[in-house]
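The values are calculated or read from the model by the stated rules, or taken from the named source; none is laboratory data. Computed from a prediction, not measured in an experiment: that's the story for all the values here. FYI the Cβ positions are ideal-geometry reconstructions off the backbone, even for glycines, and counts take in every protein chain you see. The area values use the complete protein model at the heavy-atom level, side chains included, leaving out ligands, DNA and RNA. Shrake-Rupley method; radii C 1.70, N 1.55, O 1.52, S 1.80 Å.
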Amino acid sequence: METNQNRMYLLLVAVVAALGGFLFGFDTAVIAGTLPYLQPHFDLSDFQLGLAVSSILVGCMVGVLAAGKPGDLFGRRPLLGIAAILFMISALGTALASSLWMFVVFRFIGGLAVGAASMLSPMYIAEISPAKHRGALVSLNQLTIVMGILAAFLTNYLLSGTGDHNWRYMLGVETIPALIFLVALQFVPESPRWLVLMKKNPEAFRILSIINGKDQALQELREIEMSVADTGESGYGELFRGRVRYFLVIGVVLAVFQQITGINTIMYYAPVIFQKTGLGADTALLQTLAVGGVNFLFTLVAIRFIDRVGRKLLLIIGSVGMTISLAGLSVAFFLEQFEGYLVLFFILLYIASFASSLGPVVWVVIAEIFPNRLRSKAVSLSIEALWFACFIVALTFPVLLSSAGGGYTFVLFAGICILNLLFIYKFVPETKGKSLEEIERQLLGEE
Ligand code: BGC
């Protein structure tokens, strides 16, 4: 029987793991507020500025791939610990940087940490969670990503008046949450599913009992043992065969859609978009707060509903909302309808739609649809695709916006949203309420 104590323990463990998401959000967002000071300090050309911003994304791509195999060999927890240490090194290194190159190298190291945490935190939470709360608990990671983004905007704002070295403080302050993450990780257990893979079944049973109570734990342990036993290969080659390959394609395409439907054009470039509409820079803070606030609130909506209405319905409703808002934005730009708050309204509708669907749910589904023995590698490949798509969108959006204009740019993203909707409707399986082993049997069984 699950007790309140079990539930509290589980929630605490999930929150600790989700600190990885907080650092992910903070690290990717902190750069924006430092740019106005970094540029004159290092006398950066446009290209060098791009390098300072995008070096983290290159680090992410390396970090995700690098974490896949060691995640299987050494466990999820030690690797999260290494990510925490890399977050600290990067925060201190960029804060103390005396040259552009030093800055770029330490941002790259931060990227390694973001990449590793972005795959390990949701996967770890999925692996410790009982079926009926798994969607909500994995979505906590998205909530902390959003909180990390907000925290970075807030600390940037508060530290902007601290003189010539303000950008150093903005970057260095991340050492504190990274240290908290490292310390807190010492108190969480290893993933029971990984322990069974390593044949440490008694330890896995002990952890499952604390989370689910003894009876349920025994049943879960048997299921995990079966899923690990009837396997065979667990190398990378196995990912590209039969049903596993089919679900790898679903994981990768879903990850890519999460990015190419345009979320980070708004997250990274909202001020530029607002400027195009003629709004002054002074309202930037207000808009940023509105975007962050809506993002946070609607992630809570997803957490509330994901284990009740399921993953697929949330994804479908959200994708419809995203399509409508992007189409609206496109029309506003074509007709140059910039009076009042129309553009802001469509942007907030878009954020609300993303936050209650693709934002959290894509991470959840990717953490769920792969078999135990291949999960770490398959998740890492899917998230790799996500970062690559993020990189391409971040790189091309400014050019697209200035050459094609807002109308065509947003109509393109609306079109991609429709493809995303069709893809979800046709291919994404519903995983609500099933144990990871049930999902595995269902997805791999039906040839
Ligand atoms: C995405 C990030 C995005 C964030 C915004 C995440 O799920 O992967 O790219 O910046 O949501 O809330």
A correct Stokes-Einstein calculation for region 306-447, using the alpha-carbon Kirkwood radius, 4 °C and 1.567 mPa s, returns a whole-number D in µm² s⁻¹ of 77
Heavy-atom accessible area of L300 with all protein chains present, probe 1.4 Å, nearest 10 Å²? 70
Where only alpha carbons of region 20-177 are counted, the Rg and the Dmax (Å): 16.1, 54
Cα centroids of region 401-439 and region 48-110: how far apart, whole angstrom? 29
Just to be sure I understand: with springs between alpha-carbon atoms less than 10 Å apart, which residue in M119, M267, M170 has the highest mean-square fluctuation in the Gaussian network model of the chain? M267
Set K69/K426; K132/K312; K199/K434; K69/K132; K200/K434; K214/K312 screened for pairs whose C-alpha atoms are more than 26 Å apart: K69/K426; K69/K132; K214/K312
Of the accessible area of region 174-260, computed with a 1.4 Å probe and all protein chains kept, carbon and sulfur make up a percent value of 64
Accessible surface, the chain, averaged per residue in Å² (probe 1.4 Å): 41
Please list E438, E220 from largest to smallest accessible area, probe radius 1.4 Å, with all protein chains kept in place. E438, E220
Phi-based couplings in Hz for region 289-296 (Karplus 6.51, -1.76, 1.60; Gly and Pro marked x): 5, 4, 4, x, x, 5, 4, 5
Going by alpha carbons, how many degrees (0 to 90, nearest 10) lie between the helix axis of 76-96 and the longest principal axis of the chain? 20
Suppose we flag trypsin sites (Lys or Arg not before Pro) only when DSSP calls them loop and at most 11 other Cβ atoms lie within 10 Å. Which is the longest uninterrupted stretch of the chain? 242-447
Just to confirm the number: angle between the C-alpha axis of helix 100-128 and the first principal axis of the chain, 0 to 90 degrees, nearest 10? 40
Using only Cα atoms, tell me the angle between helix 311-334 and the longest principal axis of the chain; keep it within 0 to 90° and round to the nearest 10. 10
With a 1.4 Å probe and every protein chain kept in, tell me what percent of the accessible surface of region 312-383 is carbon plus sulfur. 72
Per DSSP H run of n ≥ 4, the term is -39500 (n - 2.57); total these for the chain, divide by its residue number, and report the mean residue ellipticity at 222 nm rounded to 500 deg cm²/dmol. -28000 deg cm²/dmol
Most to least accessible of D43, D27 (protein chains only, probe 1.4 Å): D43, D27
Going by amide H atoms built from the backbone, whose H comes under 5 Å of the H on D307, apart from near neighbours? A136
What are the ³J(HN,Hα) values, in whole Hz, obtained from phi via the Karplus relation 6.51 cos²θ - 1.76 cosθ + 1.60 with θ = phi - 60°, for each residue of region 28-41 in sequence order, with x given for Gly and Pro? 6, 8, 4, 4, 3, x, 8, 4, x, 9, 5, 4, x, 4
Ranking request for peptides 91-102, 138-149: highest mean number of other beta-carbon atoms within 10 Å first, then the rest in descending order. 138-149, 91-102
